[in-house]
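Participant: Dropping a structure here in structure tokens format, bear with me for questions.
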Amino acid sequence: MAKLTVNDLDVRGRRVFVRVDYNVPMEEKDGRMVINDVTRIKETLPTLELLMEKGARIILASHLGRPKGKRDPSLSLRPVAATLADLLLRPVAFVDDCTGEKVEKTAEALKPGDILLLENVRYYNEEEANDPAFAEKLATVAEVYVNDAFGAAHRAHASTEGVARVVARRGGKCAAGLLMERELKFLGEELENPARPFVVILGGAKVSEKINVIDRLLDKADTILIGGAMTYTFRLALGKRVGRSLVEPDRVEVARAALEKAKARKVPFLLPVDNIVATPVETGRLNRKGKPVIEWQNPRVNDSLDIPDAEEGMDIGPKTRQTYSETIPKAKTILWNGPMGVFEDKRFSEGTFAVARAVADTTQKGAQSIIGGGDSVKALNLTGLTGQVTFVSTGGGASLEFLEGKVLPGVAALADK
Ligand code: AMP
């Protein structure tokens, strides 16, 4: 059932506790933390502008990084308050804590349309433990609860789940923000009954992370295209040699089961027929984490399904690119999650970029395209095609769990319409 949203709320003069995802990438410059990418802040503006228009007194809460229950100044949300104020062209108050007297006083003083950002909720271990007493404390200032942090909704934490329970118990409303609403619409409702053909493209590093999604989508998709390192676990399942490619030998059985399910359901399940391979060579250097630095030498097209022992599969090859680029335009609905190769290295990016172009072109011709978060979003951004797809999910892990059909605790805690 659809969830209650901010559109349905009457919040004039009410204190609305909004869980946002301001887990933005930060970097130290000249002794100051600066925000590298403000996308996540911008994405909350429609919800905040609507709440301001409705005369809500807005209290924002978020996590940032992993301070592990300590006050780590490099993970303070203070710089976010300044950026948000710049974007909204109005002041945003900030309190250097997320519970306590100072928070309560500042929240009490908010006027309709005013905004207060609280300090990083993960300065307290109780946040991730979803400690009921901590949730009560957070909820002291909350008359209404709004969750706009889809990317954190797969976690049952105090600010994503506990507070909502407290507010609901007291008779307050718990609703989805506009960003959350869009995520639920595109990853949920739209994919329940997709316009057909429904083509699913899955790539990325690991079969283990996506096997449940593959299994679920085998019930829905008309065609599945596979790329990325998960190719090689499927190749192992087919008795092929994978050289030094990234594989998960302990997942060969689940890969085989997926291939059998695809066959039984007559869902075309396309694996790459060729690859770009390269020879990994140790440089003798160590990176900042103390791990050996590898260089990939002599990239070349490998036309065989077997990869020689000294080489590693890095991208889909030209024949596969061509097949995938011809298959994608047949779709009326496209779901894409995970790059086709190590796209961060230009030499191995062509497969991912070809898929990105085909997805964007097909969207322009009327198909619906949904990009399932994580690294495919980064790849899409690199091609400059982000504006040419229908929907780009803001959740990585959350999108995958949602696509698997799991109930997300942060969503379950919201009221139905
Ligand atoms: P995921 O988070 O599972 O979508 O994985 C994304 C990562 O998979 C990216 O950083 C890619 O570099 C990596 N990846 C894609 N293809 C390969 C490959 N053939 N070998 C190793 N890593 C890959």
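The values are calculated or read from the model by the stated rules, or taken from the named source; none is laboratory data. Quick caveat, the model's predicted, so the values are computed rather than measured. All Cβ positions, glycine included, derive from the backbone under ideal geometry; neighbour counts span all protein chains shown.
Participant: Suppose we filter E189, E183 for residues that are surrounded by fewer than 17 Cβ atoms within 10 Å (Cβ to Cβ), within 24 Å of the chain's Cα centre (by Cα), closer than 26 Å to R40 by Cα and more than 16 Å from the ligand (Cβ to nearest atom); which single one remains?
Facilitator: None of the other options fit; the residue is E189.
Participant: Something else: Quick one: how many residues across segment 218-240 are within 15 Å of the ligand (Cβ to nearest atom) and either closer than 22 Å to V355 by Cα or not in a helix (DSSP H, G or I) (or both)?
Facilitator: Qualifying residue count, segment 218-240: 12.
Participant: Next up: Please go through segment 377-391 and pick out each residue that is under 14 Å from the mean Cα position of the chain (by Cα) and surrounded by 19 or more Cβ atoms within 10 Å (Cβ to Cβ).
Facilitator: Once the filter is applied, which keeps residues that are under 14 Å from the mean Cα position of the chain (by Cα) and surrounded by 19 or more Cβ atoms within 10 Å (Cβ to Cβ), segment 377-391 yields V377, A379, L380.
Participant: For segment 333-354: of the residues being away from the ligand (no atom under 12 Å from the Cβ) and of a type in the set (A, V, I, L, M), which is farthest from the chain's Cα centre (by Cα)?
Facilitator: That would be A354.
Participant: Please identify the pairs in which a residue from segment 334-356 that is over 28 Å from A195 (Cβ atoms) and at pLDDT 95 or above has its Cβ atom under 8 Å from the Cβ atom of a residue that is aromatic (F, W, Y) and within 7 Å of the ligand (Cβ to nearest atom), counting only partners at least 6 apart or on another chain.
Facilitator: Matching pairs, first to second residue: S349/F343.
Participant: Let me ask you something else. Hey, could you check segment 303-319 for residues that are within 12 Å of the ligand (Cβ to nearest atom) and outside any loop (DSSP other than H, G, I, E, B) and say which is surrounded by the fewest Cβ atoms within 10 Å (Cβ to Cβ)?
Facilitator: I307
Participant: Pick from segment 363-376 the residues that are crowded, with 23+ Cβ neighbours inside 10 Å and within 13 Å of the chain's Cα centre (by Cα): which of them is nearest to the ligand (Cβ to nearest atom)?
Facilitator: Here the answer is S376.
Participant: When you check E282 against the structure, is it surrounded by 17 or more Cβ atoms within 10 Å (Cβ to Cβ), outside any loop (DSSP other than H, G, I, E, B) and of a type outside the set (K, R), yes or no?
Facilitator: It is false that E282 is surrounded by 17 or more Cβ atoms within 10 Å (Cβ to Cβ), outside any loop (DSSP other than H, G, I, E, B) and of a type outside the set (K, R).
Participant: Right, another one. For the list (1) within 16 Å of the ligand (Cβ to nearest atom); (2) more than 20 Å from A229 (Cα to Cα); (3) touching a Leu at 6+ places or on another chain (Cβ under 7 Å), I need the number of the one condition that A360 fails.
Facilitator: (1)
Participant: Within segment 55-71, can you find the residues that are under 20 Å from A149 (Cβ atoms) and surrounded by fewer than 20 Cβ atoms within 10 Å (Cβ to Cβ)?
Facilitator: Selection gives G65, R66, K68, G69.
Participant: Would you pick out the residues in segment 198-217 that are crowded, with 17+ Cβ neighbours inside 10 Å and more than 16 Å from the ligand (Cβ to nearest atom)?
Facilitator: Answer for segment 198-217, where residues must be crowded, with 17+ Cβ neighbours inside 10 Å and more than 16 Å from the ligand (Cβ to nearest atom): F198, V199.
Participant: When the residues of segment 245-277 are narrowed to those that are assigned to a loop (DSSP other than H, G, I, E, B) and within 16 Å of the ligand (Cβ to nearest atom), which ends up surrounded by the fewest Cβ atoms within 10 Å (Cβ to Cβ)?
Facilitator: Among them, the one singled out is V273.
Participant: Spot the failing condition for L217; the list is (1) under 26 Å from the mean Cα position of the chain (by Cα); (2) closer than 27 Å to E344 by Cα, and only one is missed.
Facilitator: (2)
Participant: Inside segment 27-94, counting only helices (runs of 4 or more DSSP H) that do not spill past its ends, which hold 3 or more residues that are in contact with a helix residue (DSSP H, G or I) (Cβ under 7 Å, 6 or more places away or on another chain) and in contact (Cβ under 8 Å) with a residue 40 or more places away in the chain?
Facilitator: Qualifying helices (runs of 4 or more DSSP H): 45-53, 78-88.
Participant: So how many residues does segment 401-417 have that are closer than 16 Å to A149 by Cβ and either in contact with a Lys or Arg (Cβ under 9 Å, 6 or more places away or on another chain) or within 16 Å of the ligand (Cβ to nearest atom) (or both)?
Facilitator: Final tally of qualifying residues: 8.
Participant: Six or more apart or on different chains, Cβ atoms under 7 Å: show the pairs whose first residue is in segment 209-232 and farther than 15 Å from K406 by Cα and polar (S, T, N, Q) and whose second is within 15 Å of the ligand (Cβ to nearest atom) and part of a loop (DSSP other than H, G, I, E, B).
Facilitator: Pairs that qualify, where the first residue is farther than 15 Å from K406 by Cα and polar (S, T, N, Q) and the partner is within 15 Å of the ligand (Cβ to nearest atom) and part of a loop (DSSP other than H, G, I, E, B), are T231/L271; T231/P272.
Participant: Counting only residues that are within 16 Å of the ligand (Cβ to nearest atom) and either out of contact with any Leu (no Cβ under 7 Å at 6 or more places or on another chain) or of a type in the set (D, E) (or both), how many does segment 282-297 have?
Facilitator: So the count comes out to 7.
Participant: From (1) under 29 Å from E260 (Cβ atoms); (2) touching a helix residue (DSSP H, G or I) at 6+ places or on another chain (Cβ under 6 Å); (3) hydrophobic (A, V, I, L, M, F, W, C), pick out the condition that doesn't hold for I307.
Facilitator: Here I307 meets the rest and fails (2).
Participant: Given the conditions (1) under 21 Å from L88 (Cα atoms); (2) touching a strand residue (DSSP E or B) at 6+ places or on another chain (Cβ under 7 Å); (3) of a type in the set (G, A, S), and given that G113 satisfies all but one, which numbered condition is not satisfied?
Facilitator: Checking G113 against (1) under 21 Å from L88 (Cα atoms); (2) touching a strand residue (DSSP E or B) at 6+ places or on another chain (Cβ under 7 Å); (3) of a type in the set (G, A, S), the one that fails is (2).
Participant: If you don't mind, there's one more thing I want to ask. Taking W336 and the conditions (1) farther than 21 Å from G384 by Cα; (2) of a type outside the set (K, R); (3) assigned to a strand (DSSP E or B), which numbered condition does it fall short on, given that it satisfies the others?
Facilitator: Only one criterion is unmet by W336, namely (1).
Participant: Another question, then. Taking the condition of being crowded, with 22+ Cβ neighbours inside 10 Å and either in contact (Cβ under 8 Å) with a residue 60 or more places away in the chain or assigned to a loop (DSSP other than H, G, I, E, B) (or both), how many residues in segment 131-143 meet it?
Facilitator: Number of matching residues: 4.
Participant: If D222 satisfies every condition in (1) over 23 Å from the mean Cα position of the chain (by Cα); (2) surrounded by 21 or more Cβ atoms within 10 Å (Cβ to Cβ) but one, which is the exception?
Facilitator: (2)
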